[in-house]
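Here's the structure, in structure tokens; my notes come after.
The values are calculated or read from the model by the stated rules, or taken from the named source; none is laboratory data. Because the structure is a prediction, the values reported are computed rather than measured. Here the Cβ positions follow ideal geometry from the backbone for every residue, glycine too, while neighbour counts run over all protein chains shown.
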Amino acid sequence: MICADTASPLLQVAGLRKTFSDGQVDREILSGLDFTLAQSEMLVLWGPSGSGKSTLLNILAGVLAADAGSVDLLDNQGSTWSYGQDDAQATTRLRRQLIGYVFQFFNLIPTLTVAENIELTIKLAGNASAGLRTAADLREQALAKADTLGLTSLLDMFPETLSGGEQQRAALVRALAHQPRLLLADEPTGNLDASNASRVMDALTDQLAHSGCGLVVATHDPAIAEQAHRVIALPC
């Protein structure tokens with residue numbers, strides 16, 4: 001079990017609501033959801049397909065607007081950013097600087113090599129986002145993480161030439177490259193064998209323990225849920 005620092009909330013979600021419509025019927029996916037996330041805390045979103053796990057992650061990532069409610073995120077300087085209802089440009093800047101997202105189906109840019117995918121995240125974030133002095137510092141840390149995950153020999157390869165496990169590990173390094181404050185992971189082990197699943201979760205929890213970021217994971221995997229500090233069960 002990872003030790004969470006509960007001194008200062010990293011993420012605060014209040015009154016979050018989201019409804020989707022198929023043209024005839026409105027379906028409320030999130031209904032007034034409230035929760036907080038501490039620094040170095042791992043929170044699992046648990047529920048069947050269609051319960052709103054991915055929807056909630058996309059709202060937390062700032063790629064989907066909520067119908068109502070607020071999302072507040074603490075940055076590296078101790079300032080709180082409110083987003084979701086802000087303008088799109090401000091939310092994009094916040095996402096690039098403070099949030100890392102590990103997608104279920106990797107979402108690596110196919111025309112870029114593994115190294116270029118990683119470096120693009122660093123360039124988009126800007127040097128100041130991680131509290132490090134230069135982009136070179138971020139790149140060095142990212143390459144060290146890639147080495148830990150067995151990716152050093154694959155850095156010049158394109159995503160389509162990699163196995164599923166290799167792509168997921170590359171996507172993980174990309175998400176961690178700019179040292180985000182908030183890590184989001186959507187079924188990060190859903191398409192992996194046991195060995196690769198273990199490597200991915202070890203990397204996520206190691207980042208949590210050493211950087212003070214927060215982690216929100218959507219999963220069906222009981223083994224991942226057992227590692228979490230808290231589990232939010234989303235209804236069908």
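Things worth noting here:
- Count of the range 37-55 residues which are over 21 Å from residue 205 (Cα atoms) and surrounded by 23 or more Cβ atoms within 10 Å (Cβ to Cβ): 1
- Sole residue being at pLDDT below 90, touching an Asp or Glu at 6+ places or on another chain (Cβ under 6 Å) and under 27 Å from residue 206 (Cα atoms), chosen from 92, 80: 80
- Matching residues in the range 19-68 - criterion: being β-branched (Val, Ile, Thr) and either in contact with a Ser or Thr (Cβ under 7 Å, 6 or more places away or on another chain) or over 21 Å from residue 183 (Cβ atoms) (or both): 19, 25, 29, 44
- Of all the criteria given as (1) closer than 25 Å to residue 38 by Cβ; (2) in a loop (DSSP other than H, G, I, E, B); (3) modelled with pLDDT of 90 or more, the one not satisfied by residue 132 is (3).
- Restricted to the range 193-236, and to residues there that are in a strand (DSSP E or B) and within 14 Å of the chain's Cα centre (by Cα), the residue that is farthest from residue 55 (Cα to Cα) is 214.
- Residue in the range 191-202 that is within 26 Å of residue 10 (Cα to Cα), modelled with pLDDT of 90 or more and surrounded by fewer than 20 Cβ atoms within 10 Å (Cβ to Cβ) present: yes
- Matching residues, the range 59-95, being under 15 Å from the mean Cα position of the chain (by Cα), surrounded by fewer than 18 Cβ atoms within 10 Å (Cβ to Cβ) and outside any loop (DSSP other than H, G, I, E, B): 92
- Residue 105 exposed (fewer than 14 other Cβ atoms within 10 Å of the Cβ), aromatic (Phe, Trp, Tyr) and under 22 Å from residue 205 (Cα atoms): yes
- Residue check, residue 174 crowded, with 22+ Cβ neighbours inside 10 Å and either part of a helix (DSSP H, G or I) or modelled with pLDDT under 90 (or both): yes
- Residue 49 of a type in the set (Ser, Thr, Tyr) and closer than 27 Å to residue 211 by Cα: no
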